[in-house]
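A.B. asks: One structure is given below, represented as structure tokens, and several questions about it will come after.
The values are calculated or read from the model by the stated rules, or taken from the named source; none is laboratory data. This structure is a prediction, so every number in the text was calculated from the model and none was measured. Positions of Cβ are generated from backbone atoms using ideal geometry, with glycine treated the same way; all protein chains shown enter the neighbour counts. For the accessible areas, the whole protein counts, side chains as well, though only heavy atoms, and no ligand, DNA or RNA atoms are used. Shrake-Rupley method; radii C 1.70, N 1.55, O 1.52, S 1.80 Å.
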Amino acid sequence: MASLSVKPGQRFTLPDWKNNSLLISADAEQQRFNSHHIRQEGRVLRNDTGNQAKWDEHNSRTHLKDRITTVDKWREALAKCLTDLDLEIDALSKVKEAAENAIQAKNLCLDVAIECLTFRESRRDIDVVRDPVEEELHKEVKVIEKTKKELQQRVDDAFRQLCLLKEARQQLSCDHRHKVEALELDRQCMSFNPTSGNISFKVNPTRIPDGTTALSEWELTSQCNKERAEAEMRASVDLRGAITLTIAQTNNELDAQRIATEFALRKRMRDMEAALSELRWQEKNTLEEIAEMEEEIRQLEEDIKKRTLDLKVAHTRLETRTYRPHIELCRDQAQFGLTDEVQQLEGIIRALQQKRTESQDALDALYRQLHRIQTDIGYKTNSLQLDNKCMDTRRKLVVPVEKFDPEVDAVSRTRNLPRESQLEL
């Protein structure tokens, strides 16, 4: 008879089996819960880190843009300052060259004055006197030497100022070049993105490089360079003005030794002509104003006559209305209107008569002023004729007497005056 085989091992009870199933189910639920929690945390972390990275990159890009804008503004300011500096260097160089040419021109004047003094040393006997001509020649030599010294001092000042301008330009040009290079690097940084092919990890990228400066120091350096260049340009402009003024003054001093009398006489004649022209213009305008004032007085008198007639009409109407019978003699609107009209017309006539009186007084004043102008024109015409005679007499100094033929218009002074080169004699 066959027997039932029994497997060796531990036997569990039914409650143990149920508890085991429940435990496995509970563990599975707990693991799923933990996994879901970790997934949610990972998603939140990914969102937060992604947003943070985007904002950080956006802030970095914004800071780069702001920095590029700032550096570019400084680059433009320095470039403009460089352009102005180059123009000022060129202008000062030209003024310096003009001063040097003026010094060379004074050498010729000095040679002529010394030669004239040498010629006058050949005088003999009683003619060897220290006359006004010799005094003026010695004065001219002193003036020329003084002007040459002043011009040479200005040339030296211009040379030193040119050196300062070029030194300031060197610093400004170096600063401008560095800013151009920095702009190129920052713009290159702006072009980097995660898909760029030339990005990589670097060794200690957050280090502070040697020679790093603070932002305030960077801006102060550029500001100082720009302010120094502007200060040197202002000094150069002042120096150019001083050199130009010195050249003009020296030329005027030398010219005054030779043509003082002719200049004064010519100036007086020009002033006389201008005064005559002004008086004739005033005479013409006064005559026109007299005609207009006479016409205005005539118009005023006509208006007075017209308003007087209007006043008579108003008076007649008022008087006629006084004959209305009984109850019709009332103060109606027509009566008020006529009364106001009479008062207005009387005021108008008084104002017109007052204005006519004022106009007549003004006309009398215009006639008196016209008489003064015409009298003054006669005086100045006579003075101009005398000045013309003086100028013709002085022409004998440069024109031979037998060829002297003055052409004078006593009123308008149309004449042939000697040339400037003749007057220099």
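A.B. asks: Does the range 69-86 contain at least one residue that is open to solvent by 70 Å² or more (accessible area, probe 1.4 Å), among the hydroxyl-bearing types (Ser, Thr, Tyr) and at pLDDT below 80?
C.D. replies: no
A.B. asks: With hydroxyl-bearing (Ser, Thr, Tyr), over 23 Å from residue 158 (Cβ atoms), modelled with pLDDT under 80 and open to solvent by 50 Å² or more (accessible area, probe 1.4 Å) as the only criterion, which of 212, 261 stands out?
C.D. replies: 261
A.B. asks: A follow-up question, please. Pairs under 8 Å by beta carbon, first residue more than 15 Å from residue 356 (Cα to Cα) in the range 283-298, partner assigned to a helix (DSSP H, G or I) and open to solvent by less than 70 Å² (accessible area, probe 1.4 Å), six or more apart or different chains?
C.D. replies: The qualifying pairs are 283/370; 283/373; 283/377; 286/366; 286/370; 286/373; 287/370; 289/366.
A.B. asks: Taking residue 106, is it basic (Lys, Arg), open to solvent by less than 70 Å² (accessible area, probe 1.4 Å) and in a helix (DSSP H, G or I)?
C.D. replies: yes
A.B. asks: Sticking with this structure for a sec: With acidic (Asp, Glu) and touching a helix residue (DSSP H, G or I) at 6+ places or on another chain (Cβ under 9 Å) as the only criterion, which of 186, 156 stands out?
C.D. replies: Exactly one of 186, 156 is acidic (Asp, Glu) and touching a helix residue (DSSP H, G or I) at 6+ places or on another chain (Cβ under 9 Å), namely 186.
A.B. asks: Take residue 275 and decide whether it is modelled with pLDDT of 90 or more and either open to solvent by less than 70 Å² (accessible area, probe 1.4 Å) or of a type in the set (Phe, Trp, Tyr) (or both).
C.D. replies: Judged against the criteria, residue 275 is not a match.
A.B. asks: Any chance the range 191-204 includes a residue that's part of a helix (DSSP H, G or I) and touching a residue at least 60 places away in the same chain (Cβ under 8 Å)?
C.D. replies: No; the residues of the range 191-204 include none that is part of a helix (DSSP H, G or I) and touching a residue at least 60 places away in the same chain (Cβ under 8 Å).
A.B. asks: Right, something else. Listed residues 31, 52; which is under 23 Å from residue 194 (Cβ atoms), among the polar types (S, T, N, Q) and open to solvent by 90 Å² or more (accessible area, probe 1.4 Å)?
C.D. replies: On the way: 31 fails: under 23 Å from residue 194 (Cβ atoms).
When all the criteria are applied, what remains is 52.
A.B. asks: Which one of these is under 30 Å from residue 60 (Cβ atoms) and small (Gly, Ala, Ser): 173, 216?
C.D. replies: 216
A.B. asks: May I pose another question? Of the numbered conditions (1) exposed (fewer than 11 other Cβ atoms within 10 Å of the Cβ); (2) under 29 Å from the mean Cα position of the chain (by Cα), residue 14 fails exactly one; give the number of that condition.
C.D. replies: Of the numbered conditions (1) exposed (fewer than 11 other Cβ atoms within 10 Å of the Cβ); (2) under 29 Å from the mean Cα position of the chain (by Cα), the odd one out for residue 14 is (2).
A.B. asks: With the requirement that a residue be more than 30 Å from residue 291 (Cα to Cα) and touching a residue at least 24 places away in the same chain (Cβ under 8 Å), what does the range 333-367 give you?
C.D. replies: 338, 341, 342
A.B. asks: Taking the criterion of being small (Gly, Ala, Ser), part of a helix (DSSP H, G or I), at pLDDT below 90 and open to solvent by less than 60 Å² (accessible area, probe 1.4 Å), would at least one residue in the range 223-235 satisfy it? Even if it seems obvious, please write down each step before you answer.
C.D. replies: Let us first name the residues in the range 223-235 that are small (Gly, Ala, Ser), namely 229, 231, 235.
Imposing the further condition that a residue be part of a helix (DSSP H, G or I) reduces the set to 229, 231, 235.
Right, trim to at pLDDT below 90 and you get none.
Looking through the range 223-235, none of the residues is small (Gly, Ala, Ser), part of a helix (DSSP H, G or I), at pLDDT below 90 and open to solvent by less than 60 Å² (accessible area, probe 1.4 Å).
A.B. asks: Shifting gears a bit: Testing residue 53 on (1) assigned to a helix (DSSP H, G or I); (2) at pLDDT below 80, one condition comes back false. Which one is that?
C.D. replies: (2)
A.B. asks: Also, quick follow-up: Report whether or not residue 332 is at negative phi and at pLDDT below 85.
C.D. replies: yes
A.B. asks: Still on this structure: Can you tell me which of (1) at pLDDT 85 or above; (2) within 45 Å of the chain's Cα centre (by Cα); (3) of a type outside the set (A, V, I, L, M, F, W, C); (4) more than 30 Å from residue 252 (Cα to Cα) is the one residue 376 doesn't meet?
C.D. replies: (1)
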